[in-house]
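Novice: Take a look at this one; I'll ask things after.
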Amino acid sequence: MQAVALTGAIAAGVGVILFFAANWDAITRPARVVLLLAALLGSYAAGQLVLERRPLVGHALIVLGTIVFGAGIVLVAQMFHVQARDRSRSRCGAPASRRSHGRYARGRSRR
């Protein structure tokens with residue numbers, strides 16, 4: 001069941017990335033940032049709210065938030081023409097992914 005929840009979160013994350021990629025030129029800069037923040041905060045908040053009742057869904061939403069966070073870093077860097085090496089990008093996203101993975105793994109061991 002965990003694999004299904006994780007696969008669903010990854011599929012939703014890819015869907016968010018594809019939505020932004022398809023409509024990127026039509027969206028203004030402020031709207032881009034607002035949409036990215038809304039998707040990020042919405043997935044984290046929904047994951048936190050659902051975590052107690054449905055741990056798998058809660059963890060999947062938190063993983064979705066991590067995917068949106070990573071995509072947001074890349075998209076905002078592209079929007080403002082920020083030049084960064086690959087290592088510095090991975091350093092920015094690593095703490096968030098470690099935190100969400102840690103929560104996902106702890107929820108798994110509670111069973």
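Nothing in this text is a laboratory measurement; each read-out follows from the coordinates by a stated rule. Quantities reported herein were computed from a predicted structural model and do not represent experimental measurements. Here Cβ is always computed from backbone atoms with ideal geometry, including for glycine, and neighbour counts include all displayed protein chains.
Novice: Just flag the chymotrypsin sites (Phe, Trp or Tyr not before Pro) in segment 1-58 sitting in loop per DSSP whose Cβ has no more than 12 other Cβ atoms within 10 Å. Working shown, then result.
Specialist: Numbers: sites: F19, F20, W24, Y44; in loops: W24.
Taking segment 1-58 and a limit of 12 other Cβ atoms within 10 Å, the loop chymotrypsin sites (Phe, Trp or Tyr not before Pro) found are W24.
Novice: On to the next question. Step through the residues of segment 27-40 one at a time and calculate ³J(HN,Hα) from phi using the Karplus curve (6.51 cos²θ - 1.76 cosθ + 1.60, θ = phi - 60°), rounding each to whole Hz and writing x for Gly and Pro.
Specialist: After applying 6.51 cos²θ - 1.76 cosθ + 1.60, I find 9, 6, 4, x, 5, 4, 5, 5, 5, 5, 5, 5, 5, 5 Hz.
Novice: If each residue of separation counts as 0.36 nm, what is the full-extension length gain between Q83 and F19 once their alpha-carbon separation is subtracted?
Specialist: Once the chain is fully extended between Q83 and F19, it gains 20.7 nm.
Novice: Also, quick follow-up: Quick one: length gained pulling V76 to L6 fully straight, 0.36 nm per residue minus the C-alpha distance?
Specialist: 22.6 nm
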